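So the structure is just underneath, and the comments pick up after that.
All of the numbers you see were taken from the coordinates with simple rules; none came from a lab. None of these values were measured; they are calculated from a predicted model. Cβ placement follows ideal geometry from the backbone for every residue including glycine, while neighbour counts extend to all protein chains displayed.
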Amino acid sequence: FDVELDARQLACPLPILRTKKSLSQMASGQVLRIVATDPGAVNDFEVFCRQTGNELLSSMERDGEFAFLIRRR
């Protein structure tokens, strides 16, 4: 990944808003890694990527933390 975003302890919609801001500052093709603790983030990021055309490369959970890799369109 090229950039990492720490969205732990943030509730919806803040992880998505911070992700949108981070992606807007990145070049096409770069990968953003997001770490979140909100269980709703799994569905939120799937929907976000479908709606924006960014690619959700992976989504995983470990010890109550969720990690996502998103490639900017």
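For segment 12-27, give me the residue count where each residue is more than 10 Å from residue 70 (Cβ to Cβ) and either touching a residue at least 24 places away in the same chain (Cβ under 8 Å) or surrounded by 13 or more Cβ atoms within 10 Å (Cβ to Cβ) (or both).
Final tally of qualifying residues: 8.
Output the residues belonging to segment 28-73 that are surrounded by fewer than 17 Cβ atoms within 10 Å (Cβ to Cβ) and of a type in the set (Asp, Glu).
46, 55, 61, 63, 65
Can you work out which of the residues in segment 15-53 that are hydrophobic (A, V, I, L, M, F, W, C), assigned to a helix (DSSP H, G or I) and out of contact with any helix residue (DSSP H, G or I) (no Cβ under 7 Å at 6 or more places or on another chain) is nearest to residue 63 (Cα to Cα)?
Ranking the candidates gives 42 first.
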